[in-house]
1. Can you list the lysines whose alpha carbon sits under 29 Å from that of B:Lys76, skipping same-chain ones fewer than 8 residues off?
2. Which cysteines in chain B lack any other cysteine whose Cβ sits under 4.7 Å from their own Cβ?
3. Would you mind calculating the gained length between A:Ile13 and A:Asp97 on full extension (0.36 nm times residue separation, minus the Cα-Cα distance), in nm to one decimal?
4. If the viscosity is 0.692 mPa s and the temperature 37 °C, what Stokes-Einstein diffusion coefficient in µm²/s follows for region A:1-71 when Rh is the Kirkwood radius over Cα pairs?
5. Hey, can you rank B:151-161, A:14-24, B:16-26 by average C-beta count inside 10 Å, highest first?
6. For chain A, take N as its residue count and report Rg(C-alpha) divided by 2.2 N^0.38 Å.
7. How large is log10 of I(q)/I(0) for region B:272-312 at q = 0.27 Å⁻¹ when the intensity is taken from the Debye formula with one equal scatterer per alpha-carbon?
8. Along each principal axis of its Cα atoms, how long is chain B end to end? Whole angstroms, biggest number first, please.
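Bear in mind that the values in this text are calculations on the coordinates, not laboratory data. These numbers come from a predicted model, not from an experiment. When we count neighbours, we look across all protein chains shown, and the Cβ atoms used for this are built from the backbone with ideal geometry, even at glycine.
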Amino acid sequence: MTLSEELILHQKINLPYRYTAGTVTETFLEGLTERTIRGTRCAACGHFSVPARPFCPVCSEHTSSTEDVEPLGHLESWTETPHESGSRVFALIRIADADNVALHLVDADPNTLEEGMALEPQWTPDPEAEITAIRAWRPIRET
Amino acid sequence: MGRAAAVVAVGPTDHASRRLDVSIPEMVREAVDRCLASKDLSFGQIDAIVIGNMELFEGINLPELWMATAIGAAGKPMYKLNNGGTVGASVAVAADHLVSSGLYDTVLGIGYEKQSEGETQSAITTVGDPAWERAVMAGAIGNFAVMASTYVAASGVTPEQAAQVAVKSRRNACRNPHAHLCRPDITVEQVLASRVLAEPVRLLDMCPSSDGACAIVVAAEGRAEQVTPRPAWFAATATAHDTQFMGDSPQRLARMRSLIAASDRVYAKAGIRDPRQDLDVAEIYEPATYAELAMYENLRLCDWGEGGALIDEGVTEIDGEIPVNPSGGVLATNPVGATALIRVAEAALQVMHEAGDHQIADADIALATGYGGNAWTEALILRGGRP
Ligand SMILES: [Zn+2]
């Protein structure tokens, strides 16, 4: 026996959450409001992470102080996802001289992208303390 | 080391995109009934239950609470796990630990998911780092495609080689009456003509979304041989974690750190030096064609960069040197909370010599893996015959 579609219960529950950024991430997010990107260097092993994060991703030590970095990215890897409102490019970007990379969006024709290409952040007009303050990254045009 | 434990019974459900004929408890009961009936077992012989799924996929909190009477758990110890794609394999590992430790003689393990009843892609986005990745991630497929691009660049695998994995899976699935996607006539050309979900991943490169469940019974040495003449003994199990933050391991598909750690550990424990030669069959958790090719390399079935050559040469076909996913694998059947347990169940059936039309002749030693977005791996070696 197969039940009819009418007997499927449709429910929608509104379930909002809050997330406390914590000390290091708060410093990082506040930097974004001033169009500044910050990283953290591990005192124990020297690993440099951008974005700034409270624990070293390699050796798990606490990190405490953040460093401002050059707002320059290099394209590591990317994918194009078709979407009704036009395709979007999701990419792994190495920011400044970080030892890790970060997932973000790239605003460019995917056919023009190359591995290692230099990128710059495209800030929203009035950046807020969230990662979407950087709308996307775009290739730096040679002048 | 505790005492030896073995899988002695296996029960899969039927699978479909939407199982409109059953509720979640009814679907789970289907797996449990088939599992117990296969070896003439009853609820009275079960000492404890381990159950797992992805709660956010169906939006039902603490599902074990309203599942208890449906699976004979009322009044018994029941342990719930909820750890992503790996959860089914974690259920099997936990059942092994509970039995081999001496706590219980006979444990029922269950994994399930009714993916049609929730919003999987939205739910998966909640695993992203809230401060950075959640706002810029593209669900499971987009994130996976970023990793696949990196693997393609590192290994040089081609879309044609990935498509051959899709063909192998859906053809093998036709031998498995419980698989979701059986396509006997599928061709490489059809896979290459399917629509792009996110470069380089096409629709037929990706696992489906299934409704289904799986159950196993794990029993202690002494008890196991009474239940079935050829139990599937746990020779080795290992669990390894890694970071969820994508950018910490940009080579995450080309070099799968948690898979390497877990598989190296079970190989060492089970005395496997050359996996390609020493294993009779592998049932691995491959979320997509590109992942299966990468896993060949990470599991040391071939050298780095040789994953594509392995499928070209037919080494992993059902009649090949080391058959991978004779059941059809995840590419054919994917009820997430059950998916990794199905890998363990299939590995068990292989070494129990009960795998029917997808049986690998004389299989004695099998590998099973569970995959949680690269951030978590379970690896298990099951052996037939003596513990
Ligand atoms: Zn460190």
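1. Leaving aside lysines fewer than 8 places away in the same chain, those within reach of B:Lys76 are B:Lys39, B:Lys114.
2. So far as the 4.7 Å Cβ criterion goes, B:Cys35, B:Cys207, B:Cys214, B:Cys302 stand without a partner in chain B.
3. Numbers: separation 84, 0.36 × 84 = 30.24 nm, distance 4.38 nm.
Separation in residues times 0.36 nm, less the Cα-Cα distance, equals 25.9 nm.
4. Details: Rh = 15.0 Å.
This corresponds to a translational diffusion coefficient of 218 µm²/s.
5. Details: B:151-161: 18.6, A:14-24: 9.5, B:16-26: 16.3.
Highest mean packing first, the order is B:151-161, B:16-26, A:14-24.
6. On the way: Rg = 19.4 Å, N = 143, 2.2 N^0.38 = 14.5 Å.
Compactness ratio reported: 1.34.
7. For region B:272-312, the Cα-only Debye profile gives -0.99.
8. That gives 54, 43, 40 Å along the principal axes, largest extent first.
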